[in-house]
Amino acid sequence: MFSFSELVAATDDFSFARRLGEGGFGPVYKGVLPDGQQVAVKRLARHSGQGLEEFMNEITLIAELQHSNLVRLLGCCIQGEEKILIYEYLTNTSLDAFLFDSTRVYLLDWQRRINIIEGIAQGLLYLHKYSRVRIIHRDLKASNILLDESMKPKISDFGMARIFGQDESRANTKRVVGTYGYMSPEYAMNGIFSEKSDVYSFGVLLLEIVSGRKNTVFVSSTNLSLIELEHAADRPTMSEVISMLTSDVMFLPDPKQPAFYVSKSESGSSQAEIRSDRGSSNCVSITVMEPR
Ligand code: AMP
């Protein structure tokens, strides 16, 4: 536990000059502890949609985890109205700051990109398979991948993560949380989440890392957005992804019919076409969710 006054001292009273960024939780500041250690200080904003529940979720979940591709939580502060999380500081902040920046993107050569992809895959495999509790992250995206001084990736932000029982294969929620563009169709439309929803987000992230483009601007010549071509059953597990990334020779099955297709009308509503048996198709309307 950190005291509020320790964090005031570490961040120059949460000065604007120390701000590293802002996520759904609130602003993040760079801090320096009395022993010289650099830290990232995440202060829950009063207006934050993510409240005490996500705060406690982050603390209890991340305390169970230890992997070099996951950001390390050093402690927290709960004092009066203040709720603050303290993490190891990662010099190169987040992946989106490189990938979508016209100057910094040139620092991401192919070797760095493959290292980042492999690191994220290892972190995710650990969450799904090798950690003490099985975890679905549910909000994997470029801004939640932090980079250390050697550009090693670390998955952050466990506010939305869920523990899964060993024999649980999927769960249903009425409260769909996450980020539009990275959410699997079955999760966005029916609230069904599983390891495969993380695999979907990983796939979107992988396309972004390889292409350097945001998922929202992926439109091919047939006007079909690439992120709408995935089907939960066709997605690999993270073990298979690691095997694909680390093998020189890999058998790839022929691509199948897209499972899902969305076209947007000018009013902003979407027509979704779902091919349930890969032959016939149904059309349904869905509500478009706004990014946070
Ligand atoms: P988040 O609320 O986790 O989305 O964080 C918002 C932004 O703050 C991120 O996109 C990063 O730019 C920055 N940030 C968060 N955590 C850290 C950290 N541990 N080290 C350095 N920068 C961070």
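Please compute the alpha carbon radius of gyration of segment 96-255, then divide it by the globular-protein estimate 2.2 N^0.38 Å. Two decimals is fine.
Working: Rg = 15.5 Å, N = 160, 2.2 N^0.38 = 15.1 Å.
Against the empirical 2.2 N^0.38 Å value, I get 1.02 for segment 96-255.
What does the charge add up to near Leu99, with Lys and Arg as +1, Asp and Glu as -1, over the other residues with Cβ less than 10 Å from its Cβ? Provide the component values of the computation, followed by the final result.
Values: positive: Arg104, Arg113, Arg213, Lys214; negative: Asp96, Asp101, Glu208.
My count for the surroundings of Leu99 gives +1.
Once fully extended, how much extra length lies between Asp254 and Ile163, figured as 0.36 nm per residue of separation less the alpha-carbon to alpha-carbon distance?
Separation in residues times 0.36 nm, less the Cα-Cα distance, equals 29.4 nm.
Between Lys152 and Asn190, what is the spin-label point distance in nm, taking each point 7 Å from the Cα along the Cα→C-beta axis?
Each label point lies 7 Å from its Cα, and together they span 4.0 nm.
Given Cβ point charges of +1 (Lys, Arg) and -1 (Asp, Glu) and nothing else, what value in debye, to the nearest 20, does the dipole of segment 96-255 about its Cα centre take?
Details: 18 positive and 20 negative charges, 96 e Å.
Dipole of segment 96-255, to the nearest 20 debye: 460 debye.
Tell me the label-point distance for the pair Val8, Ile78, using the 7 Å Cα-to-Cβ offset, in nm and rounded to one decimal.
2.2
Along each of its three principal axes, how wide is the spread of alpha-carbon positions in segment 4-88, in whole angstrom units, largest first?
On the principal axes, segment 4-88 reaches 31, 30, 22 Å in Cα extent.
So, with +1 on the Cβ of K and R and -1 on the Cβ of D and E, and no other charges, what is the size of the charge dipole of segment 114-180 about its Cα centre, to the nearest 20 debye? Don't skip to the end; give the middle numbers.
Numbers: 11 positive and 7 negative charges, 68 e Å.
Dipole magnitude for segment 114-180 comes out near 320 debye.
With respect to the cross-link table entries Lys42/Lys83; Lys152/Lys214; Lys42/Lys154; Lys30/Lys154; Lys141/Lys214, which display a Cα-Cα separation exceeding 19 Å? Walk me through the intermediate numbers first.
Numbers: Lys42/Lys83 9 Å; Lys152/Lys214 21 Å; Lys42/Lys154 16 Å; Lys30/Lys154 17 Å; Lys141/Lys214 10 Å.
Too far apart for the 19 Å limit: Lys152/Lys214.
Please report the net charge: other residues with Cβ closer than 12 Å to the Cβ of Glu195, K and R +1, D and E -1.
Result for the neighbourhood of Glu195: +4.
Once the other residues with Cβ under 12 Å from the Cβ of Ile84 are scored (Lys, Arg +1; Asp, Glu -1), what is the net sum? Working shown, then result.
Numbers: positive: Lys42, Arg43, Lys83; negative: Glu6, Glu58, Glu81, Glu82.
With Lys, Arg at +1 and Asp, Glu at -1, the neighbours total -1.
We did not get these values from a lab; they are worked out from the coordinates using the rules stated. In this text, all values refer to a predicted model and were calculated from it rather than measured experimentally. We place every Cβ from the backbone using ideal geometry, glycine too, and count neighbours over all the protein chains shown.
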